[in-house]
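Each remark here refers to the structure printed beneath this line.
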Amino acid sequence: MLPISITLSEHLKEKPQDESKLGFGRIFTDHMFIMDYDPENGWHDARIVPYQNFSMDPASVVIHYGQAIFEGSKCYRTADGSLQLFRPSANFARMTRSAERMGMPALDEETALEGLKQLIRVEADWVPHQEGTSLYIRPTMISTDVQLGVHASKTYRFFIILSPVGSYYKNGLQPVSIYVEDKYVRAVRGGTGFTKCAGNYAASILAGEIAEKKGYSQVLWLDGVEQKYVEEVGSMNMMFAYGNKIVTPMLNGSILPGITRDSILTLARQLGYETEEKRIAISDVFADGHAGKLTEAFGTGTAAVISPVGELLMEDDKLIFQDGKIGPVAQKLYDTLTGIQYGRLPDENHWIVKI
Ligand code: COI
């Protein structure tokens, strides 16, 4: 593990007064973690420094060819005031898998985890207190070579920034409306769908904007080949409840292997729900929904936690779940997951890392 230097900021920002208005990802803390990579030195110069702008050459590879990957994780404040992370090593391991696909170097996961812990200790006062709030963690890796040839960069920067957040969606745990996207696709097999690369999100923005104009929070992506099968929402994986059975799209290379997805599947089984990962035709979702067999739909993600779907629209076919309210399965899983994250329930799976 690399040694980590700490330079404290001389000008601390004012912390948000009203934690009910934090929203998502608009406020950033006083410090950040950085380490750099080059082929001679590997990862080096691990440091915590005041939050700052980067100066970049306009010909930097990341700007033109998008060699950029990121992660999302959270730090929670428990009732006794202690701070805890949820499965942070799973995020760093996934970043290394994303890096491999994007021709980027494997992350020094050990230094990244230690850097994160030290950064959180420096920023402890930024972890909000109110129920449902947390300190969102955004680890990111970008390429920094200056060249216009389409080649992998030789140099990279890894950094972690922190943002106190409330709920990702405006209405908190209120169900969201989702629009089934049948024109654009997010990813194809063999592509980068399973990575958390910036380009996946860039490709999703137009469809998201169109959906928002129609009054929908997000789009549900279908597979990139036949446009028949459910993939993911982009900011979350999708799950469907048939009474006590939970069904979710199997990991096929084009959807993100969500850490919340994995945690929810594990918790669901431990709570006695049956789970199945399979290819899910969108036509079956609508048929089963109208027939009353499919009782709930919800998304899972670090930012979104568990987000019940109140309405699903495909062309002019509309499905309403649970009268537009949260259903019992989503509520139970939300209570269990957040209970562990906020230290109210025992952590039987050893997912919590105390700061
Ligand atoms: C997360 O859930 O942390 C994400 O990265 C999704 C999104 C906000 C891009």
| Residue list for the range 214-230, filter: away from the ligand (no atom under 15 Å from the Cβ) and either part of a loop (DSSP other than H, G, I, E, B) or among the aromatic types (Phe, Trp, Tyr) (or both) | LYS214, GLY215, TYR216, ASP223, GLY224, VAL225, GLU226, GLN227, LYS228, TYR229
| Out of ALA268, ALA211, sole residue that is out of contact with any Ser or Thr (no Cβ under 7 Å at 6 or more places or on another chain) and aliphatic (A, V, I, L, M) | ALA211
| Among the candidates LEU256, LEU265, LEU251, which residue alone is within 16 Å of the ligand (Cβ to nearest atom) and either of a type outside the set (Phe, Trp, Tyr) or part of a strand (DSSP E or B) (or both)? | LEU256
| query | Across the range 133-150, what is the number of residues that are assigned to a loop (DSSP other than H, G, I, E, B) and touching a helix residue (DSSP H, G or I) at 6+ places or on another chain (Cβ under 8 Å)? | reply | 6
| Qualifying position, being in contact (Cβ under 8 Å) with a residue 12 or more places away in the chain, open to solvent by 30 Å² or more (accessible area, probe 1.4 Å) and away from the ligand (no atom under 16 Å from the Cβ), among SER60, SER89, SER5, SER55 | SER5
| Of all residues in the range 207-255 being among the acidic types (Asp, Glu) and more than 24 Å from GLN331 (Cα to Cα), the one that is surrounded by the most Cβ atoms within 10 Å (Cβ to Cβ) | ASP223
| query | Applying the selection to the range 132-150, what residues are surrounded by fewer than 13 Cβ atoms within 10 Å (Cβ to Cβ) and either free of Cβ contacts under 8 Å to residues at least 24 places away in the same chain or within 16 Å of the ligand (Cβ to nearest atom) (or both)? | reply | GLY149
| field | Residue check for ASP323: in a loop (DSSP other than H, G, I, E, B), open to solvent by 10 Å² or more (accessible area, probe 1.4 Å) and more than 16 Å from the ligand (Cβ to nearest atom) | value | no
| message | Looking at the range 172-202 only, could you name the residues that are out of contact with any Leu (no Cβ under 6 Å at 6 or more places or on another chain), within 28 Å of ILE27 (Cα to Cα) and within 16 Å of the ligand (Cβ to nearest atom)? | response | GLY172, LEU173, VAL176, THR195, LYS196, CYS197, ALA198, GLY199, ASN200, TYR201, ALA202
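The values are calculated or read from the model by the stated rules, or taken from the named source; none is laboratory data. From a predicted model like this one, the values you see are computed outputs, not experimental measurements. All Cβ positions, even for glycine, are placed from backbone atoms using ideal geometry, and neighbour counts span all protein chains on display. Just the protein is used for accessible areas: all its heavy atoms, side chains included, with ligands, DNA and RNA removed. Shrake-Rupley method; radii C 1.70, N 1.55, O 1.52, S 1.80 Å.
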